[in-house]
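Below: the structure, in C-alpha cells.
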Amino acid sequence: MVTTPMPGNRSEQTQVRTVLDAVRRIMHAADLRSRRLSRETGLTAPQLAILQAIADLGEVTTGRISADVSLSQATVTVILDRLVERGLVERYRNPGDRRIVHSRLTQSGQTALAAAEPAVSSRLVREFDRMPADKQAELVASLEWMVRALGVSDEDWPAAV
C-alpha cells in the first residue's frame, strides 16, 4: 500500500489518520446495518427513508421527498418506481395541475413501514437522544463539515435501490 505523506507535524498526521479510520469504521457499520435492514424488512435504507418521508409529509411531490431525504430527484424517482412496483406507494396527478405528481403510501406501505420500525430504531438514535442538546448540535455541525470536506453532493450520493 502506497501512502501519501500528510502535511503538518506528526500529531496532526495522527489526528487525520484517526479521523480517516473513524470514517472507514462508520462506513463499515452503516453497510452492515443497511444489509441487516434489508434482510429483516426486505427494504433498503433509502427505500425506508422515502417511505418514512411520505408518512411524515403526507401526499407529497418527488421534489419535496428529495429535499427531505437529501437525495437527488432522479434517485428518488428510481426508488419510488420500485416502491410503486411493490405496491407500497401510489402516484397520482394533481387534478388542478396535471404536471404535478404526488406520492402517497398505500395500506401495504403503511404496514411495511410499521413492521420496519423495530429494525430502524437503533442504538445510534437512542444514544443520540441521550446527548445534551449542545453536544448534538456540535456533532451535527462536525458531520456536516465532514460531508463538505469530502466534497459530497446529493448527485454523488449512490442510491442503494
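The values are calculated or read from the model by the stated rules, or taken from the named source; none is laboratory data. In this text, all values refer to a predicted model and were calculated from it rather than measured experimentally. Note: ideal-geometry Cβ built from the backbone for every residue, glycine included; neighbour counts use all protein chains shown. Surface accessibility is based on the protein's heavy atoms, side chains included, excluding ligands, DNA and RNA. Shrake-Rupley method; radii C 1.70, N 1.55, O 1.52, S 1.80 Å.
Evaluating Thr77 against the criteria (1) free of Cβ contacts under 8 Å to residues at least 12 places away in the same chain; (2) open to solvent by less than 70 Å² (accessible area, probe 1.4 Å); (3) closer than 30 Å to Met27 by Cβ leaves one unmet condition, (1).
The condition of being surrounded by 15 or more Cβ atoms within 10 Å (Cβ to Cβ), of a type outside the set (Gly, Ala, Ser), at pLDDT below 95 and closer than 20 Å to Gln52 by Cβ holds for only one of Leu71, Leu83, that being Leu71.
Before we move on, is Leu143 surrounded by 10 or more Cβ atoms within 10 Å (Cβ to Cβ) and at pLDDT below 95? Answer is yes for this residue. The set of residues in the range 113-138 that are closer than 18 Å to Arg33 by Cβ and either at pLDDT 85 or above or surrounded by 11 or more Cβ atoms within 10 Å (Cβ to Cβ) (or both) comprises Leu113, Ala115, Ala116, Glu117, Ala119, Val120, Ser122, Leu124, Arg126, Glu127, Phe128, Asp129.
Consider the range 102-149 and keep the residues that are without any contact (Cβ under 8 Å) to a residue 60 or more places away in the chain and not in a helix (DSSP H, G or I). The one that is farthest from the chain's Cα centre (by Cα) is Pro132. Taking the criterion of being in contact with a strand residue (DSSP E or B) (Cβ under 7 Å, 6 or more places away or on another chain), aliphatic (A, V, I, L, M) and assigned to a strand (DSSP E or B), would at least one residue in the range 67-85 satisfy it? No; the residues of the range 67-85 include none that is in contact with a strand residue (DSSP E or B) (Cβ under 7 Å, 6 or more places away or on another chain), aliphatic (A, V, I, L, M) and assigned to a strand (DSSP E or B).
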